[in-house]
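Taking it in order: structure first as structure tokens, then the write-up.
Each value in this text was obtained by applying a stated rule to the coordinates, not by laboratory testing. Source: prediction; values computed, not measured. Note: ideal-geometry Cβ built from the backbone for every residue, glycine included; neighbour counts use all protein chains shown.
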């Protein structure tokens with residue numbers, strides 16, 4: 001990946017776009033499973049990100065320095081799946097069992113609501 005950005009060319013070559021795609025595909029979606037997330041609400045409200053779309057808005061490369069503007073669009077569902085209800089931390093708590101039944105039983109079938117998150121960030125640095 002490092003060899004695909006040439007400071008002298010001041011652009012990212014179209015022929016190298018698959019190298020960038022491969023690098024992004026190796027990334028892992030964020031999980032909010034730290035102790036701190038249990039207290040600050042992220043563990044319950046988001047826990048993990050279900051889907052993420054990352055858009056490279058711009059990339060400037062000049063004299064060994066780069067500036068990239070990225071737009072993140074992420075989505076999570078506020079619901080329980082089989083993995084959640086099998087987790088020993090949740091399976092014995094009545095509220096989670098009730099929640100699971102309300103969401104899954106065909107007579108109720110309450111659908112989980114979605115959490116949509118977006119952010120645009122700027123990354124800067126230099127090629128070493």
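Values as computed for the structure displayed
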item	result
Zone of residue 39's modelled label, taken as backbone nitrogen in the stretch 74-101 under 14 Å from a point 7 Å along Cα→Cβ	none
Whether the stretch 52-128 is rounded, prolate or oblate, judged on the alpha carbon gyration tensor where a/c under 1.5 counts as rounded	prolate
Pair residue 95, residue 53: separation of 7 Å Cα→Cβ label points (nm)	3.4
Exposure proxy order (Cβ contacts within 10 Å, fewest to most) of 121, 69	121, 69
Relative compactness, the stretch 2-126, computed as alpha-carbon Rg over 2.2 N^0.38 Å	1.48
